[in-house]
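The values are calculated or read from the model by the stated rules, or taken from the named source; none is laboratory data. What you see is a predicted model; the values in this text were computed from it and never measured. Here the Cβ is made from the backbone with ideal geometry for all residues, glycine too, and neighbour counts use every protein chain on show.
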Amino acid sequence: MKLLGSVIGIAIVAIYVIGSGLWVNTGDNWYRNLNQPSWQPPGFIFGIIWPYNFIVLGIAAVTIAQRATTALSITYLTFFGLSVACALIWAYQFYRPHNLQFAAIALVGTVLLTVPMLIIAFKTSTSIGLALLPYQIWVATAATLSYQYSKLN
């Protein structure tokens, strides 16, 4: 079960990476012409935080699958999968049909679903919990940004 949990965790990260790559497009004119919140982080921050997040999410999934009880591991993977689904819904809704309000709601779902992930991570390994904190902060920041985009555009 530990190996299967690890494989599922890595598969969820891969789906997240691939899905984000398919739908997120910050280089087109539509995105560049949006009214941006005044406090939006500079573009290079996105290039730093996302590789970190994806790597830490993979390490956390494997660590939890290896160290936690089966029930806790399954719970973590369930919340992880649901949070990624919400994040990908955000990416699609924001960048494809440009439904900014629905996108912001989906990202709030990601924020809420990552809270139990963080709790399980801390129960399993303090260092993994600490490593996941930037992800939680980032998705909360992104949800707030997304809401601001929906209000400004």
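Points to keep in mind about this one:
- Screening residue 98 on (1) at positive phi; (2) without any contact (Cβ under 8 Å) to a residue 60 or more places away in the chain shows it passes everything except condition (2).
- Cross-chain or 6+ apart pairs with Cβ under 6 Å, the stretch 137-153 first and in a helix (DSSP H, G or I), then among the small types (Gly, Ala, Ser) and crowded, with 19+ Cβ neighbours inside 10 Å: 146/103; 146/104; 147/104; 150/104
- Neighbours by Cβ (under 8 Å, 6+ apart or cross-chain): first from the stretch 48-72, at negative phi and of a type in the set (S, T, N, Q); second modelled with pLDDT under 95 and outside any helix (DSSP H, G or I): 70/1
- Counted residues, the stretch 13-32 - those being over 18 Å from residue 59 (Cα atoms) and either polar (S, T, N, Q) or part of a helix (DSSP H, G or I) (or both): 11
- Checked against (1) without any contact (Cβ under 8 Å) to a residue 12 or more places away in the chain; (2) not in a helix (DSSP H, G or I), residue 35 passes all but a single condition, namely (1).
- Given (1) outside any helix (DSSP H, G or I); (2) surrounded by 18 or more Cβ atoms within 10 Å (Cβ to Cβ), index of the condition residue 97 fails: (2)
- Meets criteria (modelled with pLDDT under 95 and not in a loop (DSSP other than H, G, I, E, B)) for residue 76: no
- Which numbered condition residue 111 misses (of (1) surrounded by fewer than 16 Cβ atoms within 10 Å (Cβ to Cβ); (2) assigned to a helix (DSSP H, G or I); (3) of a type outside the set (Phe, Trp, Tyr); (4) in contact (Cβ under 8 Å) with a residue 24 or more places away in the chain): (1)
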